[in-house]
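Visitor: Provided herewith is a single structure, encoded as structure tokens, for subsequent inquiry.
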Amino acid sequence: MRLLLAEQGITEASVVGDRRSDIEGALVNGLTAYAAGYGYGGQEEWVGAQAVLSDFPSLKKHVMLL
């Protein structure tokens with residue numbers, strides 16, 4: 001992730017995921033992590049996420065605030 005962001009000149013990004021690896025990958029790379037509560041993962045996998053998004057419309061609303 002870090003290499004791709006650097007290559008593309010991206011300085012700010014967020015990750016939305018439903019698995020522990022998604023959340024951890026975001027945090028290790030200094031990105032904001034959001035848990036997709038509508039995905040396959042469970043609450044035990046979302047530790048460290050900024051927020052748990054309950055459905056796709058809430059994701060859209062949240063992203064529009066950024």
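The values are calculated or read from the model by the stated rules, or taken from the named source; none is laboratory data. Computed from a prediction, not measured in an experiment: that's the story for all the values here. Neighbour counts are summed over all protein chains in view; Cβ atoms, including those assigned to glycine, are modelled from backbone coordinates with ideal geometry. Only protein heavy atoms, including side chains, enter the accessible area calculation; ligands, DNA and RNA are left aside. Shrake-Rupley method; radii C 1.70, N 1.55, O 1.52, S 1.80 Å.
Visitor: With a 1.4 Å probe and all protein chains left in place, how much accessible area per residue does the chain have, in Å²?
Guide: On the way: 4700 Å² over 66 residues.
It amounts to 71 Å² per residue over the chain.
Visitor: Measure nothing fancy, just the Cα-based angle from helix 56-65's long axis to the longest principal axis of the chain, in degrees from 0 to 90, nearest 10.
Guide: 40 degrees
Visitor: Then there is this: Express the carbon and sulfur contribution to the solvent-accessible surface of the stretch 23-66 as a percent, rounded to the nearest whole number, probe 1.4 angstrom. Write down the numbers at each step before the final one.
Guide: Numbers: 1720 of 2890 Å².
Carbon plus sulfur share of accessible area: 59 percent.
Visitor: Would you compute, from DSSP H runs of 4+ residues alone, the mean residue ellipticity of the chain at 222 nm, taking -39500 (n - 2.57) per run and dividing by the full residue count, rounded to the nearest 500?
Guide: Working: 3 runs with 26 residues, N = 66.
Counting only the DSSP helices, I get -11000 deg cm²/dmol.
Visitor: What ranking do 42-49, 20-27, 5-12 get when scored by the average of other Cβ atoms within 10 Å per residue, highest first? Could you put the intermediate results ahead of the total?
Guide: Working: 42-49: 14.8, 20-27: 17.8, 5-12: 9.4.
Descending packing order for the listed peptides: 20-27, 42-49, 5-12.
Visitor: With bins 10 Å wide starting at 0, give me the P(r) of the chain over every alpha carbon pair, in whole percents.
Guide: Final binned percentages: 23, 49, 26, 1.
Visitor: Ok, one more. Taking the Cα centre of the chain as the origin, how large is its charge dipole in debye, to the nearest 20, when only Lys and Arg (+1) and Asp and Glu (-1) carry charge on their Cβ atoms? Spell out each step's value before the answer.
Guide: Numbers: 5 positive and 8 negative charges, 28 e Å.
Result for the chain is approximately 140 debye, rounded to the nearest 20.
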